[in-house]
2 protein chains.
Amino acid sequence: MALSTKRTDRRTEALSKERIVEAAIHILDAEGERALTFRALATRLATGSGAIYWHVADKQALLAAATDHILASVMAEVAERSTLNHDAIRTVALGMFDAIEAHPWIGAQLSGDPWQQGLLRILEGIGRQVQALGVPESALFNATTALLNCILGVAAQHAAAERLPRGTERSVYLAAIAERWTQLDLAEYPFVHHLAAQLPGHDDREQFLAGVNLVLAGIESIR
Amino acid sequence: MALSTKRTDRRTEALSKERIVEAAIHILDAEGERALTFRALATRLATGSGAIYWHVADKQALLAAATDHILASVMAEVAERSTLNHDAIRTVALGMFDAIEAHPWIGAQLSGDPWQQGLLRILEGIGRQVQALGVPESALFNATTALLNCILGVAAQHAAAERLPRGTERSVYLAAIAERWTQLDLAEYPFVHHLAAQLPGHDDREQFLAGVNLVLAGIESIR
DNA sequence: CGCGAGAATGGAATGTTGTTCCAGCGGCTC
DNA sequence: GAGCCGCTGGAACAACATTCCATTCTCGCG
């Protein structure tokens, strides 16, 4: 009986790539990117690091799998609210924005490896709509990657914020940046000074959407 | 005399932040990002790692300083060919593109920390021209960061290529990506398949410029 | 001229990390 | 039951960023 119980336990809690990825995501979300080590992961899964390596090639693959897991659910959710063209693009883009905001470590992953599996889902989702918009063949690639750049941009921004000590308030962070900007030489950096003033109280989501709209307007003009 | 000679030598080859940064850039350019370790740096400077730490806070600061060093020279060079508005923006942008292509490790640095000193130079350079373009106050920030996103996008792409084993041919790299794309499920990724066909023989610089032009066109439309 | 304080140096030591290695266990097939 | 194989857990390893410290060098002051 003891044996059978143990076996059941084993089966129930059997190690698998999926279970590993879920544990990794939990650590990443709860304690940040730096806290994800194979030791921490092994502890949380009550096993050794060697066992994890049997399921996952290396840390990069683990992070890629975790990112893909999140992005897949983003696209799945977005796919339900089926809209068309412009609105569809905005919906996908905002879905990405929210995902990156909720899991900032994705930002580092995406900007570090933009052609990884996960982003292809987004490329596909956006590209189809751009195509449906009637963009000429020759400009398809450029228009789609321009939209992707908006996403990579916000990803980079959140990746930077992610590296901060845990629990830093967003407003404090923005204030610190504005502070640094205003300390620059006014004669040399007049424009940056100008921007610093409106940096606090700045809405990321709005900026992101404005960027997307700008690109969409540009696409309209070449259609 | 021996003493004086030794002292002179010391003076000539005295360690300084500048000399350290130059050595770091040399290693980064010659052997890639992964090769830049404090050991390698100490060896190249014929000193110990402790001495380096006296001049540089940590590795992040070193990379930031190296990046800033390059970006400063980019802006200096661009400033000479003084043009206006659209052309000035394109000139700055292309200068950045060329810099990232020549020193791909900058890509990783920029996308990892988009608000670092170095990028502010670019922000300033582009922002002024956007302002001169007559963009309304409320859209200034958004328009400028949208242009920056194009640069961050190409930075991320080169950062990914940088991580590859040394000496990988660009065409081979592109072919490998196209190969991966065509192996995706055609039903699920029709658009990616479509793009894969035109991925080899694809001109990065042109794509970059097209993205910038798209954003510029969008800016025109809200002016 | 000497001498002392602080700047600067070089290399050893420390603590983590990703990764590899291996001895063994459990279930499966003959 | 014997033997193989997928899988496990944890020890061992190499590399790294960073810290520490004993020593040397420089320069200004008495």
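The values are calculated or read from the model by the stated rules, or taken from the named source; none is laboratory data. Bear in mind the structure is a predicted one, so any value in this text is a computation, not a measurement. Glycine gets a Cβ as well: all are built from the backbone with ideal geometry, and neighbour counts include every protein chain shown. Please note that ligands, DNA and RNA were not included when accessible areas were found on the heavy atoms of the full protein model with its side chains. Shrake-Rupley method; radii C 1.70, N 1.55, O 1.52, S 1.80 Å.
Data for the structure
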read-out: Scan of the range A:48-77 for residues that are open to solvent by 60 Å² or more (accessible area, probe 1.4 Å) and either at positive phi or within 11 Å of DNA strand C (Cβ to nearest atom) (or both), ordered by number; value: A:Y53, A:W54, A:A57, A:D58, A:K59, A:Q60
read-out: All positions within the range B:162-186 that are outside any helix (DSSP H, G or I) and closer than 24 Å to B:L110 by Cα; value: B:R163, B:L164, B:P165, B:R166, B:G167, B:T168, B:E169
read-out: Residues that are more than 8 Å from chain A (Cβ to nearest Cβ), assigned to a helix (DSSP H, G or I) and of a type in the set (G, A, S), drawn from the range B:187-222; value: B:A196, B:A197
read-out: Scan of the range B:109-126 for residues that are open to solvent by less than 20 Å² (accessible area, probe 1.4 Å) and among the hydrophobic types (A, V, I, L, M, F, W, C), ordered by number; value: B:L110, B:L119, B:L120, B:I122, B:L123, B:I126
read-out: Those residues of the range B:159-171 which are within 10 Å of another protein chain (Cβ to nearest Cβ) and either surrounded by 24 or more Cβ atoms within 10 Å (Cβ to Cβ) or over 30 Å from A:H158 (Cβ atoms) (or both), in sequence order; value: B:A159
read-out: Counted residues, the range A:130-148 - those being touching a residue at least 60 places away in the same chain (Cβ under 8 Å) and either acidic (D, E) or part of a helix (DSSP H, G or I) (or both); value: 5
read-out: Residue within the range B:185-206 that is closer than 20 Å to A:E137 by Cα and among the β-branched types (V, I, T) present; value: yes
read-out: Check on A:T83, open to solvent by 40 Å² or more (accessible area, probe 1.4 Å), touching a Lys or Arg at 6+ places or on another chain (Cβ under 9 Å) and away from DNA strand C (no atom under 16 Å from the Cβ); value: yes
read-out: Selection from the range A:108-120 of residues that are more than 8 Å from every other protein chain (Cβ to nearest Cβ) and in a helix (DSSP H, G or I); value: A:Q109, A:Q117, A:G118, A:L119
read-out: Single residue of B:L140, B:L174, B:L186 found to be in contact with a His (Cβ under 9 Å, 6 or more places away or on another chain) and open to solvent by 70 Å² or more (accessible area, probe 1.4 Å); value: B:L186
read-out: Of all residues in the range A:32-47 being within 11 Å of DNA strand C (Cβ to nearest atom) and open to solvent by 20 Å² or more (accessible area, probe 1.4 Å), the one that is farthest from the chain's Cα centre (by Cα); value: A:T43
read-out: Set A:A40, A:A14, A:A23: member being assigned to a loop (DSSP other than H, G, I, E, B), more than 14 Å from chain B (Cβ to nearest Cβ) and either within 23 Å of A:R121 (Cα to Cα) or within 16 Å of DNA strand D (Cβ to nearest atom) (or both); value: A:A14
